[in-house]
Amino acid sequence: MARVRAAAAPRRPAAGSAPGRGWRRPGRILAPDPAPQPDPWPDPTPPASVYLAARGYAAQLAEELRRAGLPPPIWHGRLALSPHPPVPAAWALEVWTAPRLLPAPSIAAGADQLRAIQRNWALVPIAHHRRSRLIEARLPPVKARPLRFPEPPPTSHLGAWTLLRPDLILASPTKTSPFPQGEARFVEDREGPPSRAYLKLWAGLTRLGAHPAPGELCLDLGAAPGGWSWALARLGAQVVAVDKAPLDPRVAALPGVSWRQESAFALAPEPVDWLFSDVICYPPRLLALVRRWLDAGVVRRGLVVTIKFQGSTDHETAAAFAAIPGGLLFHSAQNRHELTFAWLRPAEGGGKPAP
Ligand SMILES: C[S@@+](CC[C@H](N)C(=O)[O-])C[C@H]1O[C@@H](n2cnc3c(N)ncnc32)[C@H](O)[C@@H]1O
C-alpha cells in the first residue's frame with residue numbers, strides 16, 4: 001500500500017505558470033494547481049483510482065474526497081492518486097478506474113507498452129512534457145473532433161495516461177469520460193447566442209444523454225440574456241424564459257420563446273417537460289426550489305440546473321444534490337466555480353450513478 005502524503009489544497013502554481021499566479025481563464029485568474037512532484041508515486045503497487053480535477057479546482061476535489069472518507073490523495077499536478085477504489089466525485093472531470101504503472105525506459109518502449117494494451121489513449125500532460133509528446137506521437141492518433149450538439153458522445157474505448165517520471169507511465173485503460181481529459185468540446189455558434197452560457201447547457205444535456213424534443217415545454221429560470229433559451233429554441237422546444245431582466249431581443253424574437261418577468265422563486269410548480277435554471281443564488285435556495293418542483297411531480301422529462309458558489313464552496317448542499325435519486329452531479333469543463341445537477345425521470349433512464 002502506498003504511503004499517502006497530505007497534499008490537499010494547492011499551494012504552488014503548476015509547472016508552466018508564473019510563480020504566485022494561478023491559471024488564466026478569460027476574465028479571471030484560477031487557483032493554482034498542485035505542483036508536479038519529482039517522484040509522486042514511489043510504490044510499485046499502482047494507485048487504485050486517479051481523479052482529474054479541472055484547472056483551478058483541485059482544492060474542491062480534495063475536500064470532496066476528504067468528505068467521502070478518503071485519506072488525502074497524492075497530487076501529481078491536477079491528478080489525485082489514491083490507493084482506494086473510486087468513489088463518486090463531482091469535482092473530477094474524469095476518474096481513472098483501472099490505473100497501472102508501466103516502465104518507459106525509452107520513448108519507443110513507453111509507446112509500445114501502451115499500444116500493447118489497446119489502441120486509443122489520451123495524454124494528460126502534467127510533467128516531462130517533451131517526452132510525453134514524443135511518446136504520444138508514436139501512438140495511433142485519437143480523433144477528438146468537437147461535437148455538433150446534440151450529437152451523442154463518442155462510443156470508442158478511450159484510456160488515459162501521464163508520465164509520473166521520465167521512465168514511468170501511469171495509465172488507465174478505462175475511465176469514466178469518453179472525452180480526452182474529461183472535456184467535451186463543441187462546435188460553437190459565435191453568431192446566434194448572446195452569451196457563451198449555452199455551452200454549459202450543451203455539456204449538461206450531453207452528459208445526461210437526453211435533450212428536449214421539438215414542441216416540448218421548457219421553463220428556463222434565470223434566462224437572461226438568453227443563451228440557454230437560444231439553445232432550447234434551436235431544438236424546436238417551446239421556451240418560457242423567466243428572469244427579472246429582459247432577454248436579448250434576438251432571442252426574444254425566436255419562434256417558440258416567451259418571457260415572463262418574474263422571480264424564479266415565486267413560481268408555483270406547474271407541469272413542464274423540462275426545468276432549467278442558471279439563476280445566480282445561494283445553493284440551499286436552489287436546492288429548495290429543485291426539491292419543490294420534483295416533489296410536486298410536475299417535471300415530465302428532466303432538469304438541468306447550475307449550482308453556483310460564491311466565495312467558499314458549499315460542499316454540504318452539493319452532497320444533498322448528489323443524494324437526489326436519479327440525479328447526476330458533475331463539474332464540466334464549461335463550468336466555473338459551480339456544479340451542474342441534471343436529473344431524468346426514471347422511465348427516461350435516470351438513476352445512472354455519477355462517476
Ligand atoms: C448567469 S445569468 C443566466 C445566463 C443565461 N442562462 C444565459 O444563457 O444567457 C443569471 C441570471 O439569473 C437571473 N436571476 C437572478 N435572480 C433571479 C430570480 N430570483 N429569478 C429569476 N432570475 C433571476 C439574473 O437576472 C441573470 O440574468
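Quick note: the coordinates plus some simple rules give every number you see, no bench work behind them. Keep in mind the model is a prediction, meaning the values are calculated, not measured. All Cβ positions, glycine included, derive from the backbone under ideal geometry; neighbour counts span all protein chains shown.
A few remarks follow.
- Radius of gyration and Dmax over the Cα atoms of region 198-348, both given in Å: 14.1, 40
- The residues 158, 61, when put in order of fewest to most other Cβ atoms within 10 Å, stand as 158, 61.
- Going from the residue with the fewest nearby Cβ atoms within 10 Å to the one with the most, 128, 76 rank 128, 76.
- Lys, Arg +1 and Asp, Glu -1 on Cβ, resulting dipole of the chain about Cα centre, debye, nearest 20: 960 debye
- In terms of other Cβ atoms within 10 Å, 308, 244, 143, 200 run from fewest to most in the order 143, 244, 308, 200.
- Projected-area mean, the chain, by convex hull of Cα positions, square nanometres: 17.6 nm²
- Fluctuation leader among 221, 289, 344 - the chain, Gaussian network, Cα springs under 10 angstrom: 289
- Tilt relative to the chain, helix 283-295 - C-alpha long axis, 0 to 90 degrees, to 10: 60 degrees
- Packing-based ranking of 49-58, 132-141 yields 49-58, 132-141, ordered from highest to lowest mean Cβ neighbour count within 10 Å.
- Region 24-182 shape via C-alpha gyration tensor axes, a/c threshold 1.5: rounded
- Unsatisfied cross-links (Cα-Cα over 20 Å) in the set 143/175; 175/308; 143/200: 175/308; 143/200
- Linear extension gain, residue 67 paired with residue 250, 0.36 nm per residue minus alpha-carbon span: 61.4 nm
- With Cα atoms, 0 to 90° folded angle of helix 58-67 axis to the chain main axis: 90 degrees
- Net length available on complete extension from residue 270 to residue 295 is 7.8 nm, with 0.36 nm assigned per residue and the Cα-Cα distance removed.
- The C-alpha atoms of the chain define a longest principal axis, and helix 107-117 lies at about 60 degrees to it.
- Candidate aspartates and glutamates - alpha carbon under 20 Å from residue 244, same-chain residues fewer than 8 apart omitted: 220, 262, 270, 278
- Full extension of the chain segment joining residue 151 with residue 129 gains 4.7 nm, where the gain is 0.36 nm per residue of separation less the Cα-Cα distance.
- Over region 104-161: Rg over Rh, Cα atoms, Kirkwood Rh: 1.04
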